[in-house]
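Asker: There's a structure below that I have some questions on.
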Amino acid sequence: MGAVIFGIAFSRTQLLGVIIGLAGAIALVFSGMKNNPEQNYLFAGLVFIACTCYASNVNIIKRYLQNIKPLAIATGNFIFILPLAIIVFFSADGASLEFTSEPVLKSLGYITVLCIFGTVAAKIMFNKLVQITSPVFASSVTYLMPVVGLTWGGMMDGETFSIWQVLATMVIIFAVVLVTRDKKTSN
């Protein structure tokens, strides 16, 4: 997407890393289908749609927002999604919450901490990473998300995973190494 639509260059090693990482992520989904066949894996398609949006995001930042402060980019993102979030909140019956009850206040506190440190701070740092490196390098971190999800699922939710998922995870890590190694050697 970066090369075809946005005219952003990348190396062959980075392209190879992206392809290998995608193959590893697909293998991770398919091997999970064998372990847990009762789940609906069509939702994995939504992840690929999200990846397309993510790819657009990093390339737009690199191509058109290179000289904009990362905080300003993040602020614009969150201002844009605020009306949608409010609509979802009220359509999901959020107005009926008892905002004075302890469980609701405690939950809102956790959401606030997660929002500030897990989303806003991460978005600002990610925007800066895109600006100082390449979109391929910066987005390679997303290949590690299924690995983290698989690990957390096994540790916290008691999910089982197979040797095929371990192998797919190793493929993903190898792909990330390929993408990041090439950037380091070219500097």
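Asker: Return yes when M156 is under 14 Å from the mean Cα position of the chain (by Cα) and not charged (D, E, K, R) and no when it is not.
Answerer: Details: under 14 Å from the mean Cα position of the chain (by Cα): no; not charged (D, E, K, R): yes.
Judged against the criteria, M156 is not a match.
Asker: Let me ask another. What about F80, is it at pLDDT below 90 and aromatic (F, W, Y)? Spell out the reasoning first.
Answerer: Details: at pLDDT below 90: no; aromatic (F, W, Y): yes.
Considered against the rule, which asks whether it is at pLDDT below 90 and aromatic (F, W, Y), F80 comes out as no.
Asker: The conditions are (1) surrounded by fewer than 13 Cβ atoms within 10 Å (Cβ to Cβ); (2) of a type in the set (A, V, I, L, M); (3) in a helix (DSSP H, G or I); (4) modelled with pLDDT of 85 or more, and A50 fails exactly one of them. Which is it?
Answerer: All conditions are met except number (4).
Asker: Go through the range 57-96 residue by residue and tally those that are within 18 Å of S139 (Cβ to Cβ), of a type in the set (S, T, N, Q) and not in a helix (DSSP H, G or I). First the steps, then the outcome.
Answerer: First pass over the range 57-96, keeping only residues within 18 Å of S139 (Cβ to Cβ): 57-66, 70, 73-74, 77.
Checking which are of a type in the set (S, T, N, Q) leaves us with 57, 59, 66, 77.
Within this subset, residues satisfying the condition of being not in a helix (DSSP H, G or I) are 66.
Going through the range 57-96 one residue at a time, the tally reaches 1.
Asker: Can you find, within the range 82-134, the residue that is farthest from K62 (Cα to Cα) among those that are of a type in the set (S, T, Y) and surrounded by 11 or more Cβ atoms within 10 Å (Cβ to Cβ)? Walk me through it before giving the result.
Answerer: Kept after step one, since they are of a type in the set (S, T, Y), are these residues of the range 82-134: 91, 96, 100-101, 107, 110, 112, 119, 133-134.
Filter again for surrounded by 11 or more Cβ atoms within 10 Å (Cβ to Cβ), leaving 107, 119, 133-134.
Working: S107: 36, T119: 20, T133: 9, S134: 7 Å.
Of everything passing the filter in the range 82-134, S107 is farthest from K62 (Cα to Cα).
Asker: Please go through the range 64-73 and pick out each residue that is in contact with a Phe, Trp or Tyr (Cβ under 9 Å, 6 or more places away or on another chain) and either of a type in the set (G, A, S) or in contact (Cβ under 8 Å) with a residue 40 or more places away in the chain (or both). Spell out the reasoning first.
Answerer: From the range 64-73, those in contact with a Phe, Trp or Tyr (Cβ under 9 Å, 6 or more places away or on another chain) are 64, 70; that's our starting set.
If the condition is that a residue be in contact with a Phe, Trp or Tyr (Cβ under 9 Å, 6 or more places away or on another chain) and either of a type in the set (G, A, S) or in contact (Cβ under 8 Å) with a residue 40 or more places away in the chain (or both), then P70 is the only one that fits.
Asker: List, please: which pairs have Cβ atoms under 9 Å, are six or more places apart or on different chains, and start with a residue in the range 128-145 that is at pLDDT below 80 and end with one that is assigned to a helix (DSSP H, G or I) and among the hydroxyl-bearing types (S, T, Y)?
Answerer: Between residues of the range 128-145 that are at pLDDT below 80 and residues that are assigned to a helix (DSSP H, G or I) and among the hydroxyl-bearing types (S, T, Y), the close pairs are F137/T180; S139/Y54; S140/T180; T142/Y54.
Asker: Then there is this: Please indicate, with yes or no, whether at least one residue in the range 28-48 is within 27 Å of I124 (Cβ to Cβ), charged (D, E, K, R) and in contact (Cβ under 8 Å) with a residue 24 or more places away in the chain. Give the derivation first.
Answerer: Step one: of the range 28-48, the residues within 27 Å of I124 (Cβ to Cβ) are 46-48.
Those still in the list that are charged (D, E, K, R) too: none.
No, the range 28-48 contains no residue that is within 27 Å of I124 (Cβ to Cβ), charged (D, E, K, R) and in contact (Cβ under 8 Å) with a residue 24 or more places away in the chain.
The values are calculated or read from the model by the stated rules, or taken from the named source; none is laboratory data. Values in this document were obtained by computation on a predicted structure and should not be read as measured data. Please note: Cβ atoms are built from the backbone with ideal geometry, for glycine as well, and neighbour counts cover all protein chains shown.
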